[in-house]
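Notes for the one structure printed next.
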Amino acid sequence: MMLVDKLSLYFQYPFVRYALVVGVLISLCSSLLGVTLVLKRFSFIGDGLSHVAFGAMSVAAVLGLTNDMVLVLPVTVISAILLLAAGQNAKIKGDASVAMISVGSLAIGYLLMNLFSTSSNLSGDVCSTLFGSTSILTLSKTEVILCTVLSVVVVAAFVFFYNKIFCVTFDESFARATGTKAGIYNLLIAVIIAVIIVLAMNLVGSLLISALVIFPALSAMRVFRSFRSVTICSAVLSVFCSSLGILISVLAGTPVGSTIVAVDIVAFALFSLIGFVSGGKSK
Amino acid sequence: MSQLECRDLCLGYDGRTILHNLNFSIDSGDYLCIVGENGSGKSTLMKTILGLQSPISGEIITGDGLHQNEIGYLPQQTVVQRDFPATVREIVLSGCQARCGLRPFYSKEEKKLADENIEKMGIANLGKRCYRELSGGQQQRVLLARALCATKKMLLLDEPVSGLDPKVTAEMYQLIEGLNKDGITVIMISHDIGAALSYADKILHIGQNVFFGTKKEYLESEVGKGFGMNGGRE
């Protein structure tokens with residue numbers, strides 16, 4: 001019972017409990033919207049927006065802002081709106097515009113950090129922003145509360161607008177033609193995803209956020225065939241994988257973000273196998 | 001008063017006009033077929049009727065108790081839908097969405113309406129099946145059932161038989177004819193001039209020459225002769 005002893009020892013530290021709570025909440029939120037984003041062919045939006053958030057963080061660091069949320073959140077939300085809500089009619093189409101913004105802000109962010117760096121350990125700073133190496137274990141109580149409140153809002157909004165989100169995801173022009181305000185729901189999805197990404201940067205860092213968004217959804221789609229079961233399965237799976245990943249990383253001392261993603265990958269392989277065996281469409 | 005009337009309609013996109021001064025009207029119970037070459041503006045016209053896009057000039061007037069958002073719409077399949085994990089019932093039920101307003105969940109009546117329309121389209125045995133596992137004809141029936149949830153008055157069908165084999169195509173046309181006989185106005189966009197001429201009672205031909213009138217008038221007109229000869233005997 002070495003393992004249990006070790007775990008209960010770790011759980012006496014508040015930072016481990018905080019990490020677990022925040023991990024569960026963020027993975028829940030990201031997986032809920034993941035289904036919609038994957039189906040809308042916007043799998044890469046997580047990646048793109050997280051790089052925008054990285055760029056904004058660098059700017060905030062250069063400007064010497066103590067609370068970088070003030071800058072990061074609005075910039076990310078605006079980018080999300082530009083990409084998702086205006087994407088349909090834009091001259092540069094979905095995937096290209098995401099790629100452009102993603103790479104662009106990554107480059108500018110790194111450039112700014114290099115030019116105006118005040119830190120002695122630049123590559124360490126960049127690495128922890130990209131891979132979220134330790135920040136989840138250094139969360140303060142305020143951050144945990146902020147994260148909880150935002151997660152509750154996201155989950156409530158998702159449940160409340162569930163049928164509308166389904167309608168807009170499945171067939172936007174039908175929804176529009178029959179009088180559903182598709183534009184508003186696209187906007188809502190964009191804002192929610194931006195908020196989740198800014199939150200999730202603490203957990204897995206900006207490079208691995210896409211994994212939280214797409215893996216649970218893709219795994220669930222291997223096995224389940226209705227929108228509701230896919231959504232529920234994706235949420236449960238995501239929470240399970242993140243919890244497991246955090247526990248493993250605490251016990252084994254591995255980086256939190258990449259451990260969670262590794263667990264997600266194993267789950268995906270497992271679900272693909274189940275889907276294949278049970279005769280589900282394994283395309 | 002007619003159900004839908006287009007007055008001096010000019011349509012186009014990106015500032016380019018592709019259709020000038022279009023005038024036509026549809027009465028309750030009509031079966032109108034819109035034909036024309038590729039690029040003649042059929043889809044643009046359809047989007048304008050549905051209110052997805054605004055006309056450059058002119059107006060669309062709905063009457064006879066019809067509101068613009070009460071037009072049931074059968075779109076062409078998109079890439080997104082082809083591998084969408086959703087059951088038939090979930091999709092048909094989403095046709096009731098517009099009735100909900102801000103109410104988050106469907107009412108009993110809406111669920112009943114969805115089940116009735118599933119029954120009407122002859123797909124009751126598929127209710128719990130996943131949409132992506134169905135054949136092309138079955139998928140069209142699902143989307144038609146959804147469109148019926150959104151309207152009791154007018155259906156707009158965008159190439160409802162494209163990609164279907166001849167047998168399923170014939171069944172689909174019969175299904176649509178049945179709905180029309182029940183009193184639903186049908187507007188169909190089609191490449192299939194043969195079918196247009198055998199099922200529709202009014203024809204709107206758009207392109208360089210515009211024609212609007214009954215089927216009989218169309219067959220006697222210059223536009224109809226030219227297009228009917230080339231298009232009808234492929």
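The values are calculated or read from the model by the stated rules, or taken from the named source; none is laboratory data. Every value quoted in this text rests on a predicted model; they were computed, and no experiment measured them. SASA here: full protein model, heavy atoms, side chains in, ligands and nucleic acids out. Shrake-Rupley method; radii C 1.70, N 1.55, O 1.52, S 1.80 Å.
A viscosity of 1.002 mPa s and a temperature of 20 °C, combined with the Kirkwood radius over C-alpha pairs in the Stokes-Einstein formula, give the protein assembly as shown a diffusion coefficient of 84 µm²/s. For chain B, adding -39500 (n - 2.57) for each run of n ≥ 4 DSSP H residues and dividing by the number of residues yields -11000 deg cm²/dmol at 222 nm. Sequence-ordered 3J(HN,Hα) estimates for region A:99-114 from the Karplus curve with 6.51, -1.76 and 1.60 and θ = phi - 60° stand at 4, 4, 5, 4, 5, x, 6, 4, 5, 4, x, 5, 4, 4, 4, 5 Hz, glycine and proline given as x.
Taking the convex hull of the alpha carbon atoms in chain A, what volume per residue do you get, in Å³? Working shown, then result.
Values: hull volume 38.6 nm³, N = 283.
Roughly 136 Å³ of hull volume per residue.
Kindly provide log₁₀ I(q)/I(0) values, in the same order as q = 0.12, 0.13, 0.23 Å⁻¹, from the Debye equation applied to equal alpha-carbon scatterers of region A:217-283. Each listed q maps to, in turn, -0.33, -0.38, -0.89.
Comparing each chain alone with all protein chains together (probe 1.4 Å, DNA, RNA and ligands left out), the residues of region B:138-164 losing at least 40 Å² of accessible area are B:Arg146.
Which of the residue pairs A:Lys40/B:Lys215; B:Lys42/B:Lys112; B:Lys47/B:Lys120 have a Cα-Cα distance greater than 30 Å in the structure shown?
A:Lys40/B:Lys215; B:Lys42/B:Lys112
For region B:122-136, the Karplus equation 6.51 cos²θ - 1.76 cosθ + 1.60, evaluated at θ = phi - 60°, returns couplings of x, 10, 4, 6, 9, x, 9, 6, 7, 4, 5, 8, 8, 6, x Hz by residue, with Gly and Pro reported as x. Distant-in-sequence amide contacts of B:Gly58, defined by a placed amide H-H separation under 5 Å and a gap of 5 or more residues or a different chain, comprise B:Cys10. Rounded, prolate or oblate for region B:1-95? Axes are the square roots of the Cα gyration tensor eigenvalues, ordered a ≥ b ≥ c, and the cut-off for rounded is a/c under 1.5. Oblate, because a/c is 1.5 or more while a/b does not exceed b/c. Would you mind pulling out the separation of the Cα centroids of region B:72-96 and region B:32-55, in Å? A separation of 22 Å, based on Cα centres. Excluding ligands, DNA and RNA, the accessible surface per residue across the protein assembly as shown is 45 Å² with a 1.4 Å probe.
When only alpha carbons are used to place a centre, region A:163-209 and region B:117-161 end up 26 Å from one another.
Chains B and A: how much accessible area gets covered up at their contact, both sides added, probe 1.4 Å, in Å² to the nearest hundred? Could you put the intermediate results ahead of the total?
Working: alone 11980 and 14000 Å², together 23100 Å².
Chains B and A together bury approximately 2900 Å².
Residues of region A:156-201 whose accessible area, computed with a 1.4 Å probe over protein heavy atoms, drops by at least 30 Å² once all protein chains are present relative to their chain alone are A:Phe160, A:Asn163, A:Lys164, A:Phe166, A:Cys167, A:Phe170, A:Asp171, A:Ser173, A:Phe174, A:Ala177, A:Thr178.
With runs of 4+ DSSP H residues as the only contributors, calculate the mean residue ellipticity of chain A at 222 nm using -39,500 (n - 2.57) per run, divided by the residue total and rounded to the nearest 500.
Per the formula, -26000 deg cm²/dmol.
Ligands, DNA and RNA left out, the 1.4 Å accessible surface of chain B is 48% carbon and sulfur atoms.
Here's how it looks for B:Tyr13: its modeled amide H is under 5 Å from those of B:Ile18, which are all 5 or more places away or on a different chain.
What shape does region A:151-283 have by the C-alpha gyration tensor, where a ≥ b ≥ c are the square roots of the eigenvalues, rounded means a/c under 1.5, and otherwise prolate means a/b greater than b/c and oblate the rest? Don't skip to the answer; put the middle values down first.
Working: a/c = 2.66, a/b = 1.38, b/c = 1.93.
Taking the square roots of the gyration eigenvalues as a ≥ b ≥ c, region A:151-283 is oblate.
Computed over protein heavy atoms with a 1.4 Å probe, the carbon and sulfur contribution to the accessible area of region A:2-278 reaches 75%.
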